[in-house]
1. Would you mind computing, in nm to one decimal, how far apart the modelled labels at A:Lys27 and A:Glu251 are, each placed 7 Å from Cα along Cα→Cβ?
2. Calculate how large, on average over all directions, the projected area of the Cα convex hull of chain A is; give the answer in nm² to one decimal.
3. May I ask which of B:Lys25/C:Lys56; A:Lys3/C:Lys8; A:Lys27/A:Lys300 have a Cα-Cα span longer than 30 Å here?
4. Per DSSP H run of n ≥ 4, the term is -39500 (n - 2.57); total these for chain B, divide by its residue number, and report the mean residue ellipticity at 222 nm rounded to 500 deg cm²/dmol.
5. If neighbour count is taken as other Cβ atoms inside 10 Å, put A:Glu53, A:Glu145 in order from fewest to most.
6. Ignoring everything except DSSP H segments at least 4 long, calculate the 222 nm mean residue ellipticity for chain A; use -39,500 (n - 2.57) per segment, divide by total residues, nearest 500.
7. Please arrange A:His185, A:His140, A:His217 by counting, for each residue, the other beta carbons lying within 10 Å of its beta carbon, fewest first.
8. With label points built 7 Å along Cα→Cβ from the Cα atoms of A:Ser323 and C:Glu58, find their separation and express it in nm.
Amino acid sequence: MSKKMGNQTIRFANPPIIVSAAAIVGKKEGEGPLADFFDKVVDDPNWGEDSWEKAESKFVRETMALAINKASIKTKDIDYVFSGDLLNQCCGSTFGIKDFKIPFFGLFGACSTMGESMSLGAMAVDGGFATNVLCGAGSHFCSAEKQFRFPLGMGTQRPPSATWTVTGNGAVVIGNQGTGAKITHITTGKIMDMGIKDAGNMGAAMAPAACQVIAAHFQDTGRHPDYYDVIATGDLGYIGRTILRKLLKDEGYILNENLTDCGIEIFDRDKQDTHSGGSGCGCAAATFCGYYNTLINYGKIKKLLLVPTGALMSTTSSQQGESIPAIAHAVAIEME
Amino acid sequence: MDYIKAFIVGGIICLIGQILVDKTKLTSGRILVIFVSLGCILGGLGLYKNIVDFGGAGATVPLTGFGYVLSEGVKEEVDKIGFLGIFTGGLKASAGGISVAVFFAFLSALLFNPKSKG
Amino acid sequence: MEENNKSKQEYSKMVDMVSPNSSLVMNCIKAFVVGGLICVAGEAMNKSFSNYNFTKDEVSLLVNVVLIGATALLTGLGLFSKLGKFSGAGTFVPITGFANSMVSPAIEFKKEGWVFGMAAKMFTVAGPVIVYGLVTSMVVGFIYFVAEKVM
């Protein structure tokens, strides 16, 4: 029987298991509403290193080591690593894991990377190509600002539609044995570009991609929005979520309380001045690994559709006047 | 009275900048470029001098004042040395300001390390 | 959802409706007051330096030294970005903004080295300002030259 369903979805024959998950975040995230769910909060943005970029790699290294440790396996038991981040050439990940000496696939899906890495990892396990894989993604507020926007010391104002890049990393060990939630389906996103150019309003740029992949997931699987306890997009923020609701309504799907966004959950926008919400690879990664995976394991929720969202522009494409293409990947995670 | 004039003139110039930020989505860097060129053009037309006479530091401290210095400098050099003054006047007049900024930027890089925020 | 021009236009309209605007009035008041106050400080220095034997040019250079020096200190201590977040154009339109645009990348990019990190990045914003300022001054100078010397 083919594992492919419809146009974009895969149904796994032997749903891979999320054996362990680890999340390490920065100070601001550690002061947010999800503080208690993270494995570790690091107050120093440099984490003892001498640059933010090196600190970002340390987040990758430490989170992945912790995920391996929590799975009660050894590094050599991991067959592949799938990881990515926002830095040029994925340096956050590569420098983070270079000493692990595990076969590595470097990914770039911008802030959707956690969805991409979990999708590919689950495919590798279900396909019988691996027993255990390590999937992760992360970002660092300071290095992201430095690369994409302005130096942090510059006195500029952020528009109300702007989001705040999460400093943090999330990693999961996905295996074919053990206990934990199962990845039952994945729906891989297509690139959507609705002509938004405003890099200060990423939620608007990414909402169409989230809408496309969520609608495709329902179509391919025959499921309805209320099948899931929670449908969590990656980093659309408040504005993006409002837009996504409207777009999905136009497609004939009404989503209410069960539609949320990791960027909305991770910060308290009134107290933390984060405007539209959190963003970055680390947003969906740390929120899932810290918060949602815990809720699933404690039986608070049973069925989650995680939809990390990513904006695929670069500083060069923006300067050349291109609009912002976006992508989203849906991962269905269920506990029996 | 001079203080009130400086406050009002300087305030209005900044207010125009703020409207540009919020209404046009121009980045602050682009607005600085526009302001310096605008100050230079108004200086060249002889209009900015009136604003400086009225507003004092209110007109010279904003970046339009930097543009005004460039235009005054270039006119002065053209008067003094003729055609080649077109090339030397602007930079001569602004040399002090630019060098001071380079000095302090260099010094800060020696003294301080980058800081996070939030 | 189709990626054609019509739906892109409709989408853009919908996004504009949903996205909140900056609180323009409040931002303008803050920019006006802070920008005005910086200019008042400049005026006060103008007056007090003029009491000594400085020429007009020397006075305005000294005012710049103080304003740029203060900006450098505040930027280095991480305070300027907080002030700038509050006052917006009130701090970046005065010479303080020009100084901040040089000091902040100089500090941040020294990790990439002292030559192509610190020294090069110092001019990310200041470079364009100087280039366009100078080009405009050359145009002004040329027109002035033609008007005064040729005609």
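Here, each number is a calculation from the coordinates, and none is a lab measurement. Just so we're clear, the structure is a prediction, and the values are computed from it rather than from any experiment. Ideal geometry is used to build each Cβ from the backbone, glycine not excepted, and the neighbour counts take in all protein chains shown.
1. Once both label points are built, they end up 4.0 nm from each other.
2. Result: 15.6 nm².
3. In this structure, B:Lys25/C:Lys56; A:Lys3/C:Lys8 exceed 30 Å between Cα atoms.
4. -27500 deg cm²/dmol
5. On the way: A:Glu53 22, A:Glu145 19.
Ascending Cβ contact count within 10 Å gives the list A:Glu145, A:Glu53.
6. Here the helix-only value at 222 nm equals -9500 deg cm²/dmol.
7. A:His185, A:His217, A:His140
8. Here the modelled spin labels are 6.0 nm apart.
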